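The values are calculated or read from the model by the stated rules, or taken from the named source; none is laboratory data. Keep in mind the model is a prediction, meaning the values are calculated, not measured. Here the Cβ positions follow ideal geometry from the backbone for every residue, glycine too, while neighbour counts run over all protein chains shown.
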């Protein structure tokens with residue numbers, strides 16, 4: 001049962017986006033455990049974001065193509081079985097496709113000592129087990145707003 005009280009995870013950055021933030025939630029590689037990504041997709045959808053969800057076992061190239069076609073602001077990649085090791089290759093593919101402005105978030109099981117290298121490669125945030133609904137929604141909303149600002153700045157720079 002849903003209550004009528006204001007949602008504690010509302011974020012002003014998300015509420016200012018029009019049209020609503022577009023988030024691609026996916027799993028790259030061979031990991032088929034998708035329960036967490038389905039839950040996060042529902043969180044984001046319920047918070048008013050447009051969510052494009054893929055089934056597991058996606059190829060990097062397919063995700064980049066879908067991100068381009070769907071004009072997404074953020075891509076959330078779920079990893080439970082070392083698929084986070086594919087993220088550097090994924091970020092390079094996004095850059096080659098001209099999607100530098102798209103934010104990338106990783107969620108799932110990522111060893112703490114590997115998080116700094118993901119951040120260095122261009123991942124904006126990493127959500128581990130126990131991340132709250134409010135934390136996920138707030139960070140993704142801000143990341144979407146930043147993505148749109150970056151894209152607008154890129155468009156202004158075109159001669």
Any residue in the range 35-54 that's without any contact (Cβ under 8 Å) to a residue 12 or more places away in the chain: show its pairings with residues that are not in a loop (DSSP other than H, G, I, E, B) at Cβ separation under 6 Å, as long as the two are six or more apart or on different chains. 45/51
Those residues of the range 98-119 which are buried (at least 21 other Cβ atoms within 10 Å of the Cβ) and either over 15 Å from residue 139 (Cα atoms) or touching a residue at least 40 places away in the same chain (Cβ under 8 Å) (or both) amount to 102, 103, 107, 108, 110, 118
Can you tell me which residues in the range 135-159 are surrounded by fewer than 18 Cβ atoms within 10 Å (Cβ to Cβ) and either modelled with pLDDT under 90 or under 21 Å from residue 109 (Cβ atoms) (or both)? 135, 151, 152, 153, 154, 155, 156, 157, 158, 159
